[in-house]
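Engineer: Next up is a structure, given as structure tokens.
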Amino acid sequence: MSGPKLELFKFDSCPFCVRVMMKLDQLNIKVELRDILSDPESYQRLVNDTGRRTVPCLYIDGKPMFESADINAWLVENSDKLEKNS
Ligand SMILES: N[C@@H](CCC(=O)N[C@@H](CS)C(=O)NCC(=O)O)C(=O)O
């Protein structure tokens, strides 16, 4: 099964990012992590695409979604269609 490509823009000490990471872990959802503090290209991509440097931001097939509560609700809602970690 191949669902939408997910990329999570985050940094480790951000509590809102931790909230999303916990939900991803709980649902075993596969996601590519983009750490904006350790990876300047990811930081620049986020700013260029959205005009913001706020994390967490989940890219769903390249479309950005902000707000940890909204992201987590979307993950729960769409979990059955999303690729899982093996
Ligand atoms: N309400 C947002 C809060 C996100 C937030 O405040 N993130 C901080 C990091 S912990 C941030 O990126 N601040 C920098 C900025 O917004 O420019 C959520 O729940 O996702």
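Derivation of every value follows stated rules applied to the coordinates shown; laboratory data play no part. Keep in mind that this is a model prediction, so the values were computed, not measured. Positions of Cβ are generated from backbone atoms using ideal geometry, with glycine treated the same way; all protein chains shown enter the neighbour counts.
Engineer: Please list the equivalent ellipsoid semi-axes of region 6-81, computed as the square roots of five times the alpha-carbon gyration tensor eigenvalues, in descending order and whole angstrom.
Structural biologist: Each semi-axis is √(5λ); the values are 19, 13, 11 Å.
Engineer: May I pose another question? Sequence gap of 8 or more, or different chains, plus Cα separation below 12 Å: how many lysine pairs satisfy both in the chain?
Structural biologist: Lysine pairs, 8 or more places apart or on different chains, close enough: 6.
Engineer: Same structure again: Between region 35-61 and region 11-25, what is the separation of their alpha carbon centroids in Å?
Structural biologist: About 15 Å separates the Cα centre of region 35-61 from the one of region 11-25.
Engineer: Could you compute the net charge surrounding Val31? Neighbours are other residues with a C-beta less than 12 Å from the C-beta of Val31; K and R count +1, D and E count -1.
Structural biologist: +2
Engineer: Can you give the % of DSSP beta bridges in the chain that are antiparallel, to the nearest 5?
Structural biologist: Of those bridges, close to 70 percent are antiparallel.
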